[in-house]
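The values are calculated or read from the model by the stated rules, or taken from the named source; none is laboratory data. Just so it is clear, the structure is predicted and the values come from calculations on it, not from any experiment. Because the Cβ atoms are built from the backbone with ideal geometry, glycine has one as well, and the counts that use them run over all protein chains shown. Heavy atoms of the whole protein, side chains included, go into the accessibility calculation; ligands, DNA and RNA do not. Shrake-Rupley method; radii C 1.70, N 1.55, O 1.52, S 1.80 Å.
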Amino acid sequence: MTQSAAAQKPPATPRRLDPEDAQHALAEVQERLRRQQLVADLVHRQEEGDAKANLVEDLVHRQHEAELKTLLDGLHPSDIAFILESLPKDERQTIWKLVSPEHDADVLLEVEDWVRESLIEAMDRQDLVAATGNMDADELADLAPDLPPDVVAEVQKGLTEEERAQLLEAMGYPEDSVGAIMDFEMVRVREDVTLEVVLRYLRRLHELPDHTDQIFVVDRQDKLQGILPLSRLLVSEPETEVRAVMNADFLTLNPLDSDADAAGAFERYDLVSAPVMDDQGRLIGRVTIADVVDVMREDSQEQALSRAGLQEEDIFAPVSTALRNRAPWLLFNLCTAATASFVASQFEGTVSQIVILAFLMSIVAGIGGNSGNQTMTLIIRALAMGRITGRNLWQLVKRELFVTLMVGLCGSLVAALFAWVISHSLSIALVMMAAMVCNMLVGASVGVLVPMVRARFGKDPAMGSSVLLTFATDSLGFFIFLGLATIFLL
């Protein structure tokens, strides 16, 4: 590049990563929507049919729409998706209509499933075809379950035979498998060509597929022979043949592998991309770090919701939808709480004679629940990472019980001191100490058993785990504490 050409090139405008940018944009969108609603309310208070007032409303409405559209056009599709997820349905639809059509496809891919459904409902068939017409096969496969069948059929007509085959293949894999997240865009070369030929081939491409850190070496039947890292390609002599510098030892994935297992492999081996091979050893796709990050984020969100017995839902969903999602486990929790209260009621005579026990038994139940929650969190994470096997299970159980016992002994001394201070009774303090240690061991046992049993039967180990843990530590905690009090204090 000559000096004059360089001088004419506009200066770079680096964009600093700031997580608050999207929140600021959301606040600005909400403020402009609020102003627009204020104007509409003021106009409606005017005499009905007032042409001047209606004209003012129309002008202000258009001005606000223009400002909102300008704001949205300057945002990244991910930020637009964040804004749409953070708005009630009516406001969400208003903003969605102002999003530039060139961003429609990217936004649909970025938003959560529960938002995507409402956005697709608001689009007519022509807009949907236009938004999805330029998507890659793997991207279209992600959206296909939410798209009307006639739209999918129309988009397929514009695909090549290869792309259509890739789409059908991607749609045929289970939702949580590697095949469902793999990408079909990748660079392949033969092992008998020189690096100079490879470089010339790369220069003819418009751009490399995203997250390309290696080139896949295949034979004429597309069977994977090795991988050629871009770093090695750039530093090796151009006359060298690919087979001389390629890696023959590499990690591969099968399309039926779990996407969670793939995410664990990426984390363990610091991968940027990994090839996907079928049972015949043919290269059919690849998984990139971008796909894996999405899997990790979704798994983390699902675990957080599952522990409370919830499923993913629109935070602005109708009340009826929220009730269907939350009521079952809340009703179950009500039953467990009633059971704990029933247990406590059986010791009415003990509590009536030693009233201080009513104030102390909640401490025993609460500490047991917290202890069990720590154990349960570790077990659920270990299960998700595939670190628990039949060989190390019993060793893990013994370790957790021992750690809980040691922590319980230390904590129970503090609890016993507190009980002695407020009751002036050494017997109550000792009962408090013994009950706390026992209930913490109960919590640790439940924290191990509930996730393990659910995982053994193919269920989500996190689903409702906190509810079951609370049931066990409350019921047994009251029983142990009041039972010991009845035996040793009366």
Using a 1.4 Å probe over the heavy atoms of the protein chains, calculate the carbon and sulfur portion of the accessible area of region 165-312 as a whole percent. 47
Tell me, what is the percent relative contact order of the chain, built from C-alpha pairs under 8 Å that lie six or more residues apart? 11
Put a dot 7 Å past each Cα toward the Cβ at GLN37 and SER425; how far apart are the dots in nm? 5.7
With N residues in region 68-156, what two-decimal value do you get for its Cα radius of gyration over 2.2 N^0.38 Å? 1.01
Can you give the accessible area per residue of the chain, in Å², using a 1.4 Å probe? 57
Between rounded, prolate and oblate, where does region 188-308 land on the alpha carbon gyration tensor, with a ≥ b ≥ c its root eigenvalues, rounded for a/c under 1.5, else prolate if a/b exceeds b/c? prolate
So what is the calculated 222 nm ellipticity per residue for the chain, using -39500 (n - 2.57) for each DSSP H run with n of 4 or more, over all residues, to the nearest 500 deg cm²/dmol? -22000 deg cm²/dmol
Say each of ASP279 and GLU162 gets a label point 7 Å from the Cα, pointing the same way as Cα to Cβ; how far apart are those two points in nm? 2.6
Gain in span if fully extended, ALA248 to ASP261, counting 0.36 nm per residue against the direct Cα distance: 2.4 nm
With N residues in the chain, Rg(alpha-carbon) / (2.2 N^0.38 Å) equals 1.33
Could you please tell me the mean projected area of the C-alpha convex hull for region 319-489, averaged over all directions and given in square nanometres to one decimal? 11.5
For the chain, what number of Lys pairs, 8 or more residues apart or on separate chains, have alpha-carbon atoms under 25 Å from each other? 4
Over the heavy atoms of SER320, what accessible area does a 1.4 Å probe trace out, to the nearest 10 Å²? 60
Stokes-Einstein translational diffusion, region 343-399 - Kirkwood Rh over all Cα pairs, 1.002 mPa s, 20 °C, in µm²/s: 151
Nearest-0.05 FRET efficiency for LEU230 and PHE418 at R0 = 60 Å, using Cβ-Cβ distance, is 0.40
Of all DSSP beta bridges located in the chain, what percent are antiparallel, nearest 5? 85
